[in-house]
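So the structure is just underneath, and the comments pick up after that.
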Amino acid sequence: MTDRRHGPSTTAIHGVPRRRPEGAPVAPAIQQSSTFVNPVGSDEHILYSRYGNNPNQLEIARKYALLEGAEEAIFLASGMAATALAHLAVLRPGDHLVSSSWIYGGTQQLFDQELGRFGIEITYVGPDQPRGWRQSVRKATRAIFIETPTNPLMRVVDLAPVAHVAREFGLALLVDATFASPINFRPLEHGADVAITSATKYLNGHSDVIAGAVAGSSSLVEEVTRLLRLWGQAIDPHAAWLVDRGMRTLALRMARHNANGLAVAQWAAAHKAFTTVHYPGLPSHPDAKLAKKVLDGFGGMVGLELAGGPKAAARLLQRIKLVTHAPSLAGVETLVSEPRFTSHSGISPKDRAALGIPDGFLRLSCGIEDADDIIADLEEALSK
Ligand SMILES: *Cc1c(COP(=O)(O)O)cnc(C)c1O
């Protein structure tokens, strides 16, 4: 290829820049069509939006693959669809999966409630016990799954030793790096085989789309695409167009999410209302050194523990104005939620506390507003 590699900001806008023909629209058209005109006498190249080969679907897949440094990528109708099909692509009935225990609640339920259908067994490993990866590998083990950075403690998992084990035993390493986006962290650069993202979050970034994506080798993406055609979780062309539009500002938004996350974390760390602030950009974070080494930015997610416990948390949530009490994350607007009622509601208060998520824990997703305004809203909610 004679093309020089472009930076992530350029790539997120253009994919591979091409000279546009005269009269071509600068913004892409939405190909809101389920099907396309076929060549006569051929069963090849059938274009059908459930197949994931609608032009709007292909365009964002190309951009995402470039951003992750992968051969290919495919978009799906949600982050859960991406996680589900990525695992179905690498696991066969009777296989064994080793998973980090620090994962998104929906992913854990998928593993615990659905993979059993295929006789797939799962062993969970706490990433703070790094010997556990190797110790958990069996004859039937085919894959390792990791999420980093984690929800809501923002722990950063070191992929290097896990990738070493995966290579030694010929296992696929799948990594959900939703909380980082490819701007802050690209799993394939650290030995992963498959990157998974909930595009609902930073990739789209405007809290108006549900989508997900998988990136990896051509053969892996081909297998996910084959499954997609049969299991049917294609992304709608309009949603794909919205993701395309969101991705154009991804690098710029991440720079602001990173700056706001750090500013809010530093403010909270100095405020007496909070006992602990979980943010990988703070020196007090258990993974601060690793985070500095492997992340290009610390993101907009901040975990907060209030001195006044759950009552103080409820009071704050009732008084905020700019910051909105809602689940989900990574949009342009700042959101806050309580993991005990959302992502970790299925766990007893005692087990949650053991995980480091006591009642009253708040998970803040810093948007791209002015940091001073986010802080002022929180300050006012605390002070009354
Ligand atoms: C939100 C999320 C998912 C699921 O994504 P959806 O788009 O809601 O299906 C998976 N993993 C992580 C880390 C998430 O934050």
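Note on the chain: dipole from Cβ charges, positive end direction compared against TYR51, ILE357, PRO327; the farthest Cα belongs to ILE357. Helix-only arithmetic for the chain: the sum of -39500 (n - 2.57) across DSSP H runs with n ≥ 4, divided by the residue total, places the mean residue ellipticity at 222 nm at -11500 deg cm²/dmol. Judged by the mean number of other Cβ atoms found within 10 Å, the most tightly packed of the peptides 116-127, 232-243, 216-227 leads the ranking 232-243, 216-227, 116-127. Close amide H pairs (under 5 Å, H built 1.01 Å from N) link LEU173 with ILE144, ASP193, VAL194, residues at least 5 positions away or on another chain. Length, then width, then depth: along the principal axes, the Cα atoms of the chain run 73, 57, 36 Å. Scaled to the globular estimate 2.2 N^0.38 Å, the Cα spread of the range 250-383, given as radius of gyration, is 1.00.
When the accessible area of the chain is split by element with a 1.4 Å probe, what percent falls to carbon and sulfur? It would help to have the intermediate numbers written out before the result.
Working: 9370 of 17640 Å².
Taking all protein chains in place, the chain shows 53 percent carbon and sulfur surface.
Cα centroids of the range 218-263 and the range 346-384: 27 Å apart. Helix 55-68 and the longest principal axis of the Cα set of the chain meet at an angle near 60°. In the range 1-85, one over the average inverse separation of all distinct C-alpha pairs is 15.1 Å, which is the Kirkwood hydrodynamic radius.
As an exercise, take the mean of 1/r over every pair of distinct alpha carbons in the range 1-157, invert it, and state the Kirkwood radius in angstroms. Spell out each step's value before the answer.
Values: mean 1/r = 0.0524 Å⁻¹.
Kirkwood hydrodynamic radius for the range 1-157: 19.1 Å.
Distance from the Cα centroid of the range 277-331 to that of the range 126-199 is 23 Å (rounded to whole angstrom).
Magnitude of the charge dipole for the range 8-247, about its Cα centre and with charges confined to Cβ atoms of Lys, Arg (+1) and Asp, Glu (-1), is about 140 debye. Using R0 = 30 Å, the C-beta based FRET efficiency linking VAL332 and SER383 works out to 0.70.
What is the helix-to-structure angle for 105-114, meaning the angle in degrees between its Cα long axis and the longest Cα principal axis of the chain, kept from 0 to 90 and rounded to the nearest 10? Rounded to the nearest ten degrees, it is 60. Given a 10 angstrom Cα cut-off, can you work out which residue in ARG245, ARG340, ARG19 is the most mobile in a GNM of the chain? Ranking ARG245, ARG340, ARG19 by mean-square fluctuation puts ARG19 first. Summary of packing: across the peptides 196-203, 11-18, 108-115, the per-residue average of other C-beta atoms within 10 Å ranks them, highest first, as 196-203, 11-18, 108-115. Peptide packing for 81-90, 139-148 was compared via the average number of neighbouring C-beta atoms within 10 Å per residue; ordered from the highest value, the list is 81-90, 139-148. Between SER101 and ARG117, the distance separating the two model label sites (each 7 Å from Cα on the Cα→Cβ line) works out to 2.7 nm.
Rg/Rh for the range 8-49 stands at 1.10; both radii use Cα atoms, and Rh follows the Kirkwood definition.
Against the longest principal axis of the chain, how steep is helix 309-319, in degrees 0 to 90 to the nearest 10, with axes from Cα atoms? In the chain, helix 309-319 runs at an angle near 70 degrees to the longest axis. Identify which of GLY300, GLY23, GLY170 has the largest mean-square fluctuation in a Gaussian network model of the chain, with springs joining Cα atoms closer than 10 Å. Its mean-square fluctuation being the largest, the pick is GLY23. Under 5 Å from the amide H of GLY367 lie the amide H atoms of THR334, LEU335, each residue being 5 or more positions distant or on a separate chain, with H modelled from the backbone and absent for Pro and chain starts.
If you restrict to DSSP beta bridges whose two residues both lie in the chain, what percentage is antiparallel, to the nearest 5? Spell out each step's value before the answer.
Values: 22 of 41 bridges.
Here the antiparallel bridges make up roughly 55 percent for the chain.
According to the square roots a ≥ b ≥ c of the eigenvalues of the Cα gyration tensor, what is the shape class of the range 99-226, taking rounded for a/c under 1.5, prolate for a/b larger than b/c otherwise, and oblate for the remainder? Rounded, since a/c falls under 1.5. Just check the range 180-240 against the gyration tensor rule for me: Cα atoms, a ≥ b ≥ c as the square roots of the eigenvalues, rounded for a/c under 1.5, and otherwise prolate or oblate depending on whether a/b exceeds b/c. Note, shape of the range 180-240 comes out oblate.
Per residue, the solvent-accessible area of the chain (1.4 Å probe, heavy atoms of protein chains only, all protein chains present) comes to 46 Å². Distance from the C-alpha centroid of the range 23-49 to that of the range 54-125: 27 Å, rounded to the whole angstrom. Between LEU322 and LEU252, the C-beta separation translates, for a Förster distance of 25 Å, into a calculated FRET efficiency of about 0.75.
The values are calculated or read from the model by the stated rules, or taken from the named source; none is laboratory data. Keep in mind that this is a model prediction, so the values were computed, not measured. FYI the Cβ positions are ideal-geometry reconstructions off the backbone, even for glycines, and counts take in every protein chain you see. Side chains are part of the model used for accessible areas, which takes the heavy atoms of the whole protein and leaves out ligands, DNA and RNA. Shrake-Rupley method; radii C 1.70, N 1.55, O 1.52, S 1.80 Å.
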